[in-house]
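S.K.: Handing you this structure, nothing more for now.
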Amino acid sequence: MFALVDANSFYASCERVFRPDLADRPIVVLSNNDGCVIARSKLAKELGIEMGAPYFKIREELERNHVAVFSSNYTLYDDMSRRMQSVLRPYCDDLEVYSIDESFLFWSMDLPWQALGEELREKVKRWTGLPVGVGFGPSKTIAKLANHYAKRGKGATGVHVLADAAAITSALQGVELMNIWGISSGFTKRLLKMGIKTPLELREANPFIVRRELGVVGQRLVFELRGEACIPLETERPDKQNICCSRSFGQVTNDLDLLREAVCTFVSQAAVKLRRQDLISERLAIFVQTDRHANVQQYGASWEKRFPPTNDTRELAGHAAECLLRIHRPEHRFKKAGVLLMDLCKREKAQPRLFEDRDLEAANRLMTLMDEINQVHGRGTLRIASASSMALNAGRTWHLRSDHRSPRYTTRWDELPVAIAKCVLD
Amino acid sequence: MFQWVKGDINAGFPSAAEGYEDQPLDLYELIPNPAATFFFRVKGDDLRHEHLRDGSYLIVDRSIPPQRGRLVLVEEDGQFVVRRFQAGIPAVVCGVVTAAIHRF
């Protein structure tokens, strides 16, 4: 049996745990750089605030309704996410962290699922303060569907079990193809072409015909809907195909030095991720973009470059700066820039080059040392000169805007929540 | 043939502690349930007689059910409050104070 456990309005709920005064107030959380709404509490949803709504467009509406607004505080969310996982892990045989706020759980034996679901919910709530929904099913796809029912619809209690064929059938009757995990809008169109209009029809379809039309992914889906588990837990994350690091700037800028500094900082961060997985890259792309919401001439461009495989921040920053020069236009002021590292492979599998003039071992030792120092003393303590004032100088125009970030309550001594001492006899 | 020697090579006498090394104490080991444990900072001197002072660090375990007479963290009027738990006082109990640290 599988379960999908996910937190309700996770980011908003994390904020709520540390703010008892917000019990009756709607909460929204904004994306990086305070761009748009990425999480809404139940009350905020009831106000009709849309997911993805640009902050500057709805700011007045939020103020009028006394909505508490937060910049995203990923340090806090990550810590709360890990707490959630540690509560759940001892309960199951295996656990897959599917995203920051959802985990798949797996059991090989039969248990009283409804009671277990209620216990999981109660325990996560009491230990971490986070409300979660639990859905059980014989495959990941059905567990995900059960989770949908756990939170939505009449009489939703936060736990939903889809164990037998009858329950699964009636659950599938109540949803559209689009509500099924793994079915995108493109996939829906292809299914429609085959004459499959509902999840139930997909389940009854001939898996081999589906395979011919939609490949193995489609066939797997048919079996998953029948309650035959085909998608295993991914307890170890596969290595990434690309590493991307991009940000919007606090203010627009056309200053080449500032842009180079931003791009080199993004490269440095991407390179840390690269080395953490012991990968090397041999192609990178740089992209820039003007402010899409501003009434100015729009310009967006990217440039890529191929080079001898490396994980060395210094080399990567050089390539990045070169790409930037190709696309920088002084007449435009940029709102966003980013870097993409591509063609990744494991360092030990890298093809040695015939005429290698670089001391790769020495470079690797230096980078490892730099990562260790930054791990201990904080990101950006030791960095390449072209990424110079990163992290230390918040006044930089390209620096991320987060005007409403809450304290990092669980990871910083100087940002702990306050408890007022009260004598019982008062 | 030669062998790799683990650790630094000391030209003088070998350490008498060789083989007895241990990890230094880590206060974190005193926390039985890290997933449910949160730190707070005390504000006010109302609980001086309980050895809690303004600025003390509170270690709160949300997994322990509150019992009468224990120091607890409650939500009260939209604030976190630390007090002795007494039956009859309605309050949302968030957790039990397991330890406090005060720096002198």
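S.K.: Hey, can you tell me all the residues within segment B:46-63 that are more than 7 Å from chain A (Cβ to nearest Cβ) and more than 14 Å from the chain's Cα centre (by Cα)?
M.R.: B:48, B:49, B:50, B:51, B:53, B:54, B:55
S.K.: Let me ask something additional. Please list, ordered by first then second residue, the pairs with beta carbon atoms under 6 Å, 6 or more apart or interchain, first in segment A:37-57 and within 15 Å of residue A:13 (Cα to Cα), second at pLDDT 95 or above and part of a helix (DSSP H, G or I).
M.R.: A:39/A:11; A:39/A:12; A:41/A:12
S.K.: If you go through segment A:16-42 one residue at a time, how many are within 14 Å of chain B (Cβ to nearest Cβ), within 18 Å of residue A:408 (Cβ to Cβ) and charged (D, E, K, R)?
M.R.: Number of matching residues: 2.
S.K.: Note down all Cβ pairs under 6 Å where the first residue falls in segment B:25-47 and is closer than 14 Å to residue A:418 by Cα and among the small types (Gly, Ala, Ser), the second is open to solvent by less than 70 Å² (accessible area, probe 1.4 Å) and at pLDDT below 85, and they're at least six residues apart or on different chains.
M.R.: Going by the 6 Å Cβ cut-off, there are no qualifying pairs.
S.K.: If you don't mind, there's one more thing I want to ask. Out of (1) at pLDDT below 95; (2) not in a helix (DSSP H, G or I), what's the single condition that is false for residue A:148?
M.R.: (2)
S.K.: Tell me, which residue of segment B:28-45 that is more than 19 Å from residue A:409 (Cβ to Cβ) and open to solvent by 80 Å² or more (accessible area, probe 1.4 Å) is nearest to the other protein chains (Cβ to nearest Cβ)?
M.R.: Looking at residues that are more than 19 Å from residue A:409 (Cβ to Cβ) and open to solvent by 80 Å² or more (accessible area, probe 1.4 Å), I get B:32.
S.K.: Going through A:348, A:304 one at a time, which residue ends up being within 20 Å of residue A:256 (Cβ to Cβ), open to solvent by 60 Å² or more (accessible area, probe 1.4 Å) and not assigned by TED's automatic domain parsing to the domain that holds residue A:55?
M.R.: Only one candidate qualifies: A:304.
S.K.: Would you please list the contacts, defined by Cβ atoms under 6 Å and residues six or more apart or on different chains, that run from a residue in segment A:354-369 that is within 16 Å of residue A:278 (Cβ to Cβ) to a residue that is of a type outside the set (Ser, Thr, Tyr) and at pLDDT below 85?
M.R.: Pairs found: none.
S.K.: Just to verify a result, which residue in segment A:281-291, among those that are over 23 Å from the mean Cα position of the chain (by Cα) and open to solvent by 10 Å² or more (accessible area, probe 1.4 Å), is nearest to residue A:348 (Cα to Cα)? Full working, then the answer.
M.R.: Taking segment A:281-291 and keeping what is over 23 Å from the mean Cα position of the chain (by Cα), we get A:282-283, A:290-291.
Next cut, open to solvent by 10 Å² or more (accessible area, probe 1.4 Å) only: A:282-283, A:291.
Numbers: A:282: 14, A:283: 18, A:291: 42 Å.
Only one residue fits best here, namely A:282.
S.K.: Enumerate the pairs (first residue in segment A:401-419 and away from chain B (no Cβ under 14 Å); second residue anywhere and open to solvent by less than 40 Å² (accessible area, probe 1.4 Å) and assigned to a loop (DSSP other than H, G, I, E, B)) with beta-carbon separation below 6 Å, excluding pairs fewer than 6 apart on the same chain, so at least 6 apart or on different chains.
M.R.: Correct list of pairs: A:405/A:73; A:406/A:73.
S.K.: Quick one: which residue in A:120, A:130, A:88, A:76 is open to solvent by less than 30 Å² (accessible area, probe 1.4 Å) and assigned to a loop (DSSP other than H, G, I, E, B)?
M.R.: Numbers: A:120 fails: assigned to a loop (DSSP other than H, G, I, E, B); A:88 fails: assigned to a loop (DSSP other than H, G, I, E, B); A:76 fails: assigned to a loop (DSSP other than H, G, I, E, B).
Going through A:120, A:130, A:88, A:76 in turn, the sole match is A:130.
S.K.: Condition test on residue A:125, is it free of Cβ contacts under 8 Å to residues at least 60 places away in the same chain, basic (Lys, Arg) and either in the same structural domain as residue A:17 (by TED's automatic domain parsing) or in a helix (DSSP H, G or I) (or both)?
M.R.: Details: free of Cβ contacts under 8 Å to residues at least 60 places away in the same chain: yes; basic (Lys, Arg): yes; either in the same structural domain as residue A:17 (by TED's automatic domain parsing) or in a helix (DSSP H, G or I) (or both): yes.
It is true that residue A:125 is free of Cβ contacts under 8 Å to residues at least 60 places away in the same chain, basic (Lys, Arg) and either in the same structural domain as residue A:17 (by TED's automatic domain parsing) or in a helix (DSSP H, G or I) (or both).
S.K.: Let me ask something else about it. Quick test of your reading of the structure: residue A:319 fulfils all but one of (1) at pLDDT 85 or above; (2) open to solvent by 80 Å² or more (accessible area, probe 1.4 Å); (3) part of a helix (DSSP H, G or I); (4) of a type outside the set (Phe, Trp, Tyr). Name the failing condition by number.
M.R.: (2)
S.K.: Output the number of the condition that residue A:383 fails; it satisfies all remaining conditions of (1) assigned to a loop (DSSP other than H, G, I, E, B); (2) touching a Ser or Thr at 6+ places or on another chain (Cβ under 7 Å); (3) at pLDDT 85 or above.
M.R.: (3)
S.K.: Are any of the residues in segment B:54-77 at pLDDT below 90, touching a Pro at 6+ places or on another chain (Cβ under 6 Å), under 20 Å from residue A:19 (Cα atoms) and not aromatic (Phe, Trp, Tyr)?
M.R.: No.
S.K.: Return the total of residues in segment A:313-328 being within 20 Å of residue A:360 (Cα to Cα) and of a type outside the set (D, E, K, R).
M.R.: 6
S.K.: Restricting attention to segment A:322-345, which residues are open to solvent by 40 Å² or more (accessible area, probe 1.4 Å), closer than 20 Å to residue A:252 by Cα and touching a strand residue (DSSP E or B) at 6+ places or on another chain (Cβ under 7 Å)?
M.R.: Selection gives A:326, A:333, A:335, A:336.
S.K.: Still on this structure: Within segment B:69-97, how many residues are within 9 Å of chain A (Cβ to nearest Cβ) and surrounded by fewer than 11 Cβ atoms within 10 Å (Cβ to Cβ)?
M.R.: Residues that pass the stated criteria total 2.
The values are calculated or read from the model by the stated rules, or taken from the named source; none is laboratory data. All values derive from a computational prediction rather than experimental measurement. Backbone-built Cβ (ideal geometry, glycine too); neighbour counts: all protein chains shown. Heavy atoms of the whole protein, side chains included, go into the accessibility calculation; ligands, DNA and RNA do not. Shrake-Rupley method; radii C 1.70, N 1.55, O 1.52, S 1.80 Å.
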